[in-house]
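Some notes on the structure that comes next.
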Amino acid sequence: MTEVLCMIEPRLTSYSGHLYNYASSIKKIADENKLLFKILVSKECDSKICNELNASKVFEINPSQKYFKNIFSKYFLATFIYNIHLYKGLKKIYNQSNERWILFMGTTQYIDLFAIFIFTLFAKHKPKIVLTLRMSIYRYDIKRWSIIVSLYKFGFLLLFLINKLTKNIFFITDSEMLKIEYEKLTFFKINVLPIPHTLNNNFPTKKINELTKTINIVSLGPARTQKGFTFICDLVIKYVTENPNPKANFILQCNNTNIEDIIENSIERIKKLNSPYVELLRNELSENDYFLLLEKSDIVLLPYNSKFYHVQTSGIFTEALSAGKIVIVSDNTWMSLQLNKFNSGLVFEENNFDSFYHKFEDAINNFDSLIKESQKNSTIWNEYHNSKNFVQSLLNLN
């Protein structure tokens with residue numbers, strides 16, 4: 001029976017975020033190794049993405065978030081609706097196939113676990129199922145589990161019991177700290193795998209005097225408060241206002257939909273600067289445009305909130321280190337822990353604007369030495385975090 005690596009990505013609808021980068025990096029290495037690859041998406045997935053990934057639209061349109069505004073709806077209604085949504089698509093496509101699939105889900109949550117259980121229970125032949133845990137459910141700031149922890153525990157228990165018979169279910173993550181977190185909730189072993197969406201670093205080492213005295217500072221990805229976008233805007237305004245002829249040129253990506261009011265207010269403040277040294281990107285970037293912007297950048301600002309990123313990984317951070325860029329990150333996060341091993345940037349005290357600004361000035365003033373260090377460490381980073389290592393590790397799970 002032909003074996004196929006098949007990704008389950010019902011929530012991949014656009015280039016926003018890292019779902020597309022994640023999937024395309026895996027498809028690329030699968031194609032290079034002549035491994036059959038499929039990806040299952042929803043009917044609302046962008047047609048261009050479907051063509052690039054050769055995706056199959058097997059899931060209905062994703063449930064609207066407007067129905068899940070309170071605790072009851074998030075806990076009960078969302079659990080029921082999303083699991084039904086996932087199960088119907090998997091049942092429809094898998095029972096029509098005569099291939100043996102390795103089903104791989106890039107981000108698995110409580111809204112998926114019960115669908116996987118029912119699917120495993122009734123599947124004609126049991127596929128190898130690899131589920132990725134990437135979202136923290138423990139509040140490290142107040143030392144308390146999220147209310148949804150009971151749903152995770154129940155879902156894990158059902159899957160553990162059926163796996164005693166089928167022996168086909170595996171859990172993976174990309175963070176050692178997330179592994180520790182989730183192994184408190186389940187009897188499953190959680191495997192830590194490399195992060196696949198990294199780059200072959202062929203970018204030349206830059207020096208400030210080769211940049212016409214300008215350093216490109218970027219903020220990548222959706223503009224959100226949990227990613228410190230308001231902090232970034234405050235930094236831009238202060239620096240541009242205090243430096244009539246700045247060394248820095250800022251490019252801020254803020255093309256996400258449903259922007260929070262506080263973010264929109266910060267964007268309006270940036271617009272009022274009317275500075276030639278600041279560019280706001282309000283249109284969605286293709287994967288190629290995104291990586292061109294990353295290549296063009298020199299310093300990547302990542303003042304993320306530790307409430308969300310204490311143990312969770314960051315795709316932008318991963319790609320920035322892979323590309324040999326200088327990063328500036330909050331302390332008490334997964335990113336700051338990585339910089340203890342890979343000296344590719346600077347760490348500031350979270351929620352302390354003065355600390356953030358001082359580290360930014362340090363990066364500008366010591367650019368030549370910092371960029372050289374980042375370029376050197378990117379090679380070490382890429383030796384482990386790459387799609388080839390990831391796919392090989394996934395296939396070897398047993």
Given (1) modelled with pLDDT under 95; (2) over 23 Å from Asn365 (Cβ atoms), number of the condition Lys296 does not satisfy: (2)
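Got a sec? Which of Leu302, Leu337 is farther than 14 Å from Val218 by Cα and not polar (S, T, N, Q)?
Numbers: Leu302 fails: farther than 14 Å from Val218 by Cα.
Just a single option satisfies the conditions, and that option is Leu337.
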Lone unmet requirement of (1) within 16 Å of Val236 (Cα to Cα); (2) surrounded by fewer than 16 Cβ atoms within 10 Å (Cβ to Cβ); (3) not basic (Lys, Arg) for Leu302: (2)
Selected residue [modelled with pLDDT of 95 or more, among the acidic types (Asp, Glu), crowded, with 17+ Cβ neighbours inside 10 Å and out of contact with any Leu (no Cβ under 8 Å at 6 or more places or on another chain)] from Glu176, Glu181: Glu181
Hits in segment 124-159 - residues which are out of contact with any helix residue (DSSP H, G or I) (no Cβ under 8 Å at 6 or more places or on another chain), in a helix (DSSP H, G or I) and small (Gly, Ala, Ser): Ser150
Those residues of segment 274-293 which are in a strand (DSSP E or B) and over 24 Å from Asn365 (Cβ atoms), in sequence order: Leu280, Leu281
Cβ pairs under 8 Å, 6+ apart, first in segment 61-87 and in a helix (DSSP H, G or I), second surrounded by 12 or more Cβ atoms within 10 Å (Cβ to Cβ) and small (Gly, Ala, Ser): Tyr67/Ser73; Tyr67/Ala78; Tyr82/Ala115; Asn83/Ala115; Ile84/Ala115; His85/Ala115; Leu86/Ala115; Tyr87/Ala115
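Has segment 258-273 got at least one residue that is crowded, with 17+ Cβ neighbours inside 10 Å, of a type outside the set (Val, Ile, Thr), under 26 Å from Tyr22 (Cα atoms) and assigned by TED's automatic domain parsing to the domain that holds Ser378?
no
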Contacts under 6 angstrom Cβ, first residue in segment 345-369 being closer than 21 Å to Ile316 by Cβ and touching a residue at least 24 places away in the same chain (Cβ under 8 Å), partner β-branched (Val, Ile, Thr) and assigned to a helix (DSSP H, G or I), 6 or more apart: Phe367/Ile208
Verdict on Glu383 being closer than 29 Å to Pro246 by Cα and either within 20 Å of the chain's Cα centre (by Cα) or in the same structural domain as Arg224 (by TED's automatic domain parsing) (or both): no
Residue check, Lys38 over 16 Å from Tyr82 (Cβ atoms) and part of a helix (DSSP H, G or I): no
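Select from segment 89-127 the residues that are charged (D, E, K, R) and modelled with pLDDT of 95 or more and list them in ascending order.
Filtering segment 89-127 down to residues charged (D, E, K, R) leaves 91-92, 99-100, 112, 124, 126.
Result: Asp112, single match.
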Segment 211-232, subset small (Gly, Ala, Ser) and within 14 Å of Asn255 (Cα to Cα), residue modelled with the highest pLDDT: Ser219
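The values are calculated or read from the model by the stated rules, or taken from the named source; none is laboratory data. What you see is a predicted model, and the numbers here were worked out from it, not measured in a lab. We place every Cβ from the backbone using ideal geometry, glycine too, and count neighbours over all the protein chains shown.
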